[in-house]
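S.K.: Below you'll find the structure I mean.
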Amino acid sequence: MNAIPYPRGSLLVNAIYGLLNPLPFGFFVAGLIFDVLYARTADVLWNNGAAWLNAFGLVLAIVPRLINLVRVWITGRVYATSTDKAGFWLYLVAIIVAIVNAFVHSRDAYAVVPASVWLSACTVVLLSIGQVVTAVTGTRGGLDRE
């Protein structure tokens, strides 16, 4: 079989990516749960918690997305598949939606519903689709092929 040799990449970068990549998803899912709880109870505590979870998810999404940016578009552009690129764009759009959600959460607590619930749900759905697409098609997903 005549396969193009695939670059292995740095083990440290792979470890950092593998460690940090799932964390934003957890924060965004928790933020969605808090947004739904706030929509149901109108207790401001849930809104403040959702705003903090969204902010932490955005901060923790920076490093894995920069690593993915370098892998897909700079060092691995010859080896990147269309699935890698689709996953990159889905994550990028999800992060943009989460940034808009952070601005929505900066408003008065009673003015965030229903926009915050929809934006949180959209973020989680986009991240889920991106993760499923990369997992099902067997691309790198954080670990380089041997």
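Derivation of every value follows stated rules applied to the coordinates shown; laboratory data play no part. These numbers were taken from a predicted model, which means no experiment stands behind them. No Cβ is skipped: glycine too gets one built from the backbone with ideal geometry, and neighbour counts run over all protein chains shown.
S.K.: Which of the listed residues, 91, 17, 80, is farthest toward the dipole's positive end in the chain, when Lys, Arg count +1 and Asp, Glu count -1 at the beta-carbon?
M.R.: The Cα lying farthest towards the positive end belongs to 80.
S.K.: Okay, moving on. On full extension of the chain, what length is gained from residue 136 through residue 103, given 0.36 nm per residue of separation minus the C-alpha to C-alpha distance?
M.R.: Length difference between fully extended and current span is 8.5 nm.
S.K.: Now a separate question. Using the alpha carbon gyration tensor of the chain, what are the three equivalent-ellipsoid semi-axes (square root of 5 times each eigenvalue), largest first, in whole Å?
M.R.: 34, 13, 11
S.K.: To continue, here is another question. Once every DSSP H run of n ≥ 4 in the chain is given -39500 (n - 2.57) and the sum is divided by its residues, what mean residue ellipticity at 222 nm do you get, rounded to the nearest 500 deg cm²/dmol?
M.R.: -24000 deg cm²/dmol
S.K.: Now for a separate question. Rounded to a whole number of µm²/s, how large is the Stokes-Einstein D of segment 64-103 at 25 °C and 0.890 mPa s, given Rh as the Kirkwood radius over C-alpha pairs?
M.R.: Translational diffusion coefficient: 231 µm²/s.
S.K.: Consider all pairwise Cα distances in segment 33-113 and report the whole-number % of them above 20 Å.
M.R.: 45 percent
S.K.: Given R₀ = 22 Å, what would the calculated FRET efficiency be for residue 115 paired with residue 43, taking r from the Cβ atoms and rounding to 0.05?
M.R.: For residue 115 and residue 43, the calculated efficiency is 0.75.
S.K.: Right, next: What dipole magnitude, in Debye to the nearest 20, does the chain give about its Cα centre under +1 on Lys/Arg Cβ and -1 on Asp/Glu Cβ?
M.R.: The dipole magnitude comes to about 400 debye.
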